[in-house]
Amino acid sequence: MSAASGRAKAPRPAQGAGSLRVGRLTKPHGLKGGVKIELYTDNPELRFVPGAVFQLQVPEDSQWFGRTLTLRELRWFNETPVAFFEELPDRTAVESSVRAILWIDEDAVAAGAEENAWYDHQLVGLSVRREDPELGTVELGTVAEVQHFPAQDLLSVHTPSGTVLVPFVEAIVPSVDPEAGVVIVTPPPGLFDESAAIEAGGPASGGSANADASPAEGESGPTA
């Protein structure tokens, strides 16, 4: 099975719009049910507390589809987080669950809101702009969708000439302001056709930019 087809069969858990992705199970640790975690949160002390319940994003044919995991403990080994869950008592159980993506529901999100985390519905529809030192603000397009992948989120930006996939990392998306309706990006060369953007939008004109529609897919996110 290709990676793309595997992802297609791992639908996001059916939760509320406020659900937040916080980590991914990567590999077993030891024989007593430990599992290493790739964190998608800057505040694991808020998310990974004893008793926390996580929805699982896994392929539909997985034995874990539609199930949850309850955290017993999170430990650190050589700066690597290792979790122990009630439902994973041994290495065999862990091996069946690796690559599962962990989500918490909107009640848990509301109980521990953290900086630089946004719901998908807050991002869709925002204007994507670039600050030019000479021309001022240049509008590039509009966020049409947030795509979630195991190691990175992507903003799908609709432009007049197609869709551009922007890695949702701080180095490329340094500012998000849902109240102002704006996402500021610092795209690497070639991600957007900047000359077309200037012609189409001009400084702070409110116009839109032509873009190079070739995807720039990478593999994290915003960290939750």
### Query
Limited to region 33-52, what total is found for residues that are at pLDDT 90 or above, acidic (Asp, Glu) and not in a strand (DSSP E or B)?
0
## Note on the structure
Scanning region 65-99 for residues that are polar (S, T, N, Q) and in a strand (DSSP E or B), the one nearest to Gly33 (Cα to Cα) turns out to be Thr70
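For region 53-64, enumerate the residues that are in a loop (DSSP other than H, G, I, E, B) and surrounded by fewer than 21 Cβ atoms within 10 Å (Cβ to Cβ). Full working, then the answer.
Here is the first cut: in region 53-64, the residues in a loop (DSSP other than H, G, I, E, B) are 58-64.
Answer for region 53-64, where residues must be in a loop (DSSP other than H, G, I, E, B) and surrounded by fewer than 21 Cβ atoms within 10 Å (Cβ to Cβ): Pro59, Glu60, Asp61, Ser62, Gln63, Trp64.
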## Note on the structure
Only unsatisfied item for Ala171, checking (1) among the small types (Gly, Ala, Ser); (2) part of a helix (DSSP H, G or I); (3) modelled with pLDDT of 85 or more, is (2)
### From the options Gly66, Gly6, Gly30, Gly23, residue that is among the small types (Gly, Ala, Ser), modelled with pLDDT under 90 and closer than 23 Å to Gln152 by Cβ
Gly6
### Query
Which pairs have Cβ atoms under 8 Å, sit 6 or more apart or on different chains, and link a residue in region 60-85 that is within 14 Å of Trp103 (Cα to Cα) to one that is open to solvent by 50 Å² or more (accessible area, probe 1.4 Å) and aliphatic (A, V, I, L, M)?
Thr68/Val53; Leu69/Val53; Thr70/Val53; Leu71/Val49; Leu71/Val53
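Go over the candidates Arg72, Arg24, Arg67, Arg47 one by one and state the one that is open to solvent by less than 30 Å² (accessible area, probe 1.4 Å) and not hydrophobic (A, V, I, L, M, F, W, C). Quick ask: steps written out before the conclusion?
On the way: Arg72 fails: open to solvent by less than 30 Å² (accessible area, probe 1.4 Å); Arg24 fails: open to solvent by less than 30 Å² (accessible area, probe 1.4 Å); Arg67 fails: open to solvent by less than 30 Å² (accessible area, probe 1.4 Å).
Result: Arg47 is the single residue among Arg72, Arg24, Arg67, Arg47 that is open to solvent by less than 30 Å² (accessible area, probe 1.4 Å) and not hydrophobic (A, V, I, L, M, F, W, C).
Can you tell which of Thr137, Thr142, Thr163 is over 28 Å from Val22 (Cα atoms) and touching a strand residue (DSSP E or B) at 6+ places or on another chain (Cβ under 9 Å)? It would help to see each step written out before you state the result.
Details: Thr142 fails: over 28 Å from Val22 (Cα atoms); Thr163 fails: over 28 Å from Val22 (Cα atoms).
Only one candidate qualifies: Thr137.
Checking the condition surrounded by fewer than 16 Cβ atoms within 10 Å (Cβ to Cβ), touching a helix residue (DSSP H, G or I) at 6+ places or on another chain (Cβ under 9 Å) and more than 22 Å from Phe149 (Cβ to Cβ), which residue from Gly30, Gly34 passes?
Numbers: Gly34 fails: surrounded by fewer than 16 Cβ atoms within 10 Å (Cβ to Cβ).
That would be Gly30, the only listed residue that is surrounded by fewer than 16 Cβ atoms within 10 Å (Cβ to Cβ), touching a helix residue (DSSP H, G or I) at 6+ places or on another chain (Cβ under 9 Å) and more than 22 Å from Phe149 (Cβ to Cβ).
Within the bounds of region 191-206, is there any residue that is modelled with pLDDT of 65 or more, more than 20 Å from the chain's Cα centre (by Cα) and surrounded by fewer than 17 Cβ atoms within 10 Å (Cβ to Cβ)?
In the first step, residues of region 191-206 are kept if they are modelled with pLDDT of 65 or more; the result is 191-193.
Still in the list and also more than 20 Å from the chain's Cα centre (by Cα): 192-193.
Still in the list and also surrounded by fewer than 17 Cβ atoms within 10 Å (Cβ to Cβ): none.
The answer is no; no qualifying residue exists.
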### Query
For region 97-137, what are the residues that are open to solvent by less than 30 Å² (accessible area, probe 1.4 Å) and modelled with pLDDT of 85 or more?
Ser97, Ala100, Ile101, Leu102, Trp103, Ile104, Leu123, Leu126, Ser127, Val128, Arg130
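The values are calculated or read from the model by the stated rules, or taken from the named source; none is laboratory data. Here the structure is a predicted model, which is why all the values come from computation and not from measurement. Reconstructed Cβ throughout: ideal geometry from the backbone, glycine too, with neighbour counts over all protein chains shown. Each accessible area value is taken on the protein alone, full model and side chains, heavy atoms only, with ligands, DNA and RNA left out. Shrake-Rupley method; radii C 1.70, N 1.55, O 1.52, S 1.80 Å.
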